[in-house]
1. So if I check each of LEU125, LEU129, LEU95, LEU114, which one is outside the structural domain of SER177 (by TED's automatic domain parsing) and in contact with a Phe, Trp or Tyr (Cβ under 9 Å, 6 or more places away or on another chain)?
2. Can you work out which of the residues in the stretch 453-489 that are more than 26 Å from GLY387 (Cα to Cα) and within 17 Å of the chain's Cα centre (by Cα) is surrounded by the fewest Cβ atoms within 10 Å (Cβ to Cβ)?
3. Testing VAL376 on (1) under 25 Å from the mean Cα position of the chain (by Cα); (2) in contact (Cβ under 8 Å) with a residue 60 or more places away in the chain; (3) over 25 Å from SER439 (Cβ atoms), one condition comes back false. Which one is that?
4. I'd like to know if the stretch 231-250 contains one or more residues that are surrounded by fewer than 21 Cβ atoms within 10 Å (Cβ to Cβ), within 18 Å of ILE183 (Cα to Cα), of a type outside the set (Asp, Glu) and free of Cβ contacts under 8 Å to residues at least 40 places away in the same chain.
5. Hey, among the residues in the stretch 91-138 that are surrounded by fewer than 24 Cβ atoms within 10 Å (Cβ to Cβ) and charged (D, E, K, R), which one's nearest to the chain's Cα centre (by Cα)?
6. Quick check on this structure: which one of ALA60, ALA67, ALA51 is surrounded by 21 or more Cβ atoms within 10 Å (Cβ to Cβ) and either assigned by TED's automatic domain parsing to the domain that holds LEU209 or among the aliphatic types (A, V, I, L, M) (or both)?
7. For GLU343, work out the one condition from (1) surrounded by fewer than 17 Cβ atoms within 10 Å (Cβ to Cβ); (2) at pLDDT below 95; (3) closer than 16 Å to LEU291 by Cβ; (4) charged (D, E, K, R) it doesn't fulfil.
8. Just checking, does the stretch 293-314 include any residue being within 15 Å of GLU354 (Cα to Cα) and in contact with a strand residue (DSSP E or B) (Cβ under 6 Å, 6 or more places away or on another chain)?
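The values are calculated or read from the model by the stated rules, or taken from the named source; none is laboratory data. Everything numeric here is computed off the predicted structure, so don't read it as measured data. Counting neighbours? That spans all protein chains shown, and the Cβs are built from the backbone with ideal geometry, glycine included.
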Amino acid sequence: MNESAAGAGPVPGFAGAAGHRPAGAAGAGHDASTASAADTPTDTLGDLRTALGDRLLTDADSLAAYAVDSSRAQPEGLPLAVVRATSTGDVSTALAWAHARGIRVSVRGAGTGLSGGAVAYAGGLVVSLEAMNRIVDIDVDNRLADVEAGVITADLDAAALAHGLFFPPDPASAQLSTIGGNIATNAGGLRCVAHGVTTDVVAALEIVLADGRVMRTGTRTRKNTTGYDLTSLFTGSEGTLGVITAATVRLKPVLPGQPRTFRASFDDIEDAGRAVTAIVSGPAAPEVLELIDARSVEIIEAFHPSGLPSPGAAMLVGQTVGFAALDTAEAIAALCREHGAAETEISDSDSLLEARRLANPALTAQGLRVSCDVGVPVAQLATVFRGIGELAERHGRRIAVVAHAGDGNLHPTVEAGESPKEYAAAELVIDDITRLALSLGGTISGEHGIGSVKRHELPWQQDAVALDVQRAIKAALDPRGILTPDRSI
């Protein structure tokens, strides 16, 4: 049974039709030039204002607020206007208008991204999806949810929970981040070790292309081998290929039984790394498995005292679910002791995970402001933790590390003052951490995306042919280069 009747498309009830080209949309033959702020004075907005009314914002406060996201990237200037879309039709109108004029467009959900993907362009157009926040349908029988792109991650999870289901991806910003933003960056979170990342739960998308045409990808079925996998192509594309306005996502059932949390303290990071490898390669499957270095634990405890003991080197924190949650937690604790854990604890409280989720604000409050997102093979966790410690000594800066240990995704955060010089120095440390991860067979981004912050690192991981292929796809879908230019690829 469903909360509301499902339509024929992936997300019922949305404006726009597949293949539709709105009035005023230019063809693919335009050159790739884009307009500057000087070419697009506010008085050129008349026809867009007529179409959008009060959904077009041009006041100074709005322009300043929508110019930035949560990253350290800074805008080159204020945008020309903000489109606070309430429908796919609004997005289509805005993109057709921008495409016809060669005006650059940045796309924004809640602005929680950490890679600079939503930072505005000077004289550009910001398309905000925050007001497109309807949960259209919870299809219990098929375990699907039809949502607009601006739905808050935690709100979808809560709506699903009312039906005994949940939305698996859970980024640390779940209380603020949007589903559209999660899809655009292929976000992850604490539950990735058990459920994968966002791409693993996206069934179908509604997308507005650069010229304003609306396209739908995917199906509501479990299997689909029809044509290219466009749903996967747009997932993680960071707004460079089209604007995701709605999605059909897969839900999972909440397992019965009391969840259990566990922790294990290690005096040696090598022991902690071996324990993680043993857990991930063994039969005891946790839903959450996080590794937190001693500095992070101490800072989190000072920020929000909860009686968290300080480990010698690192603390492993996790959760198990289902009827066998206690047995699984006990098996994991035993593995940790076998691999040198100085202390283990099992609890039915969520306080350990709540403490883990406080890492970002706690570190920021202590002056550790510049973070990154890298990944390594799980068996290399101890090596990368040790290497980051050596980099901290070499650069003379504090670095704290928290990691989604179960999938080898780390978030090192570097100490930095508030001056541009301090941030530049911290960026050099981040670059060294990234090179370290790559030397261990890793990746420059596990879940935050590339945006503008990490774009210079992309050639470190991908060869020229791979970059050419991606840029050819970009050029085919966005020949004028208006959608999030000079970001990601």
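1. None of the others qualify; the one that does is LEU125.
2. ILE489
3. (3)
4. Yes: one or more hits.
5. GLU130
6. After applying the criteria, what remains is ALA67.
7. Single failed check for GLU343: (2).
8. The answer is yes, given that some residue of the stretch 293-314 is within 15 Å of GLU354 (Cα to Cα) and in contact with a strand residue (DSSP E or B) (Cβ under 6 Å, 6 or more places away or on another chain).
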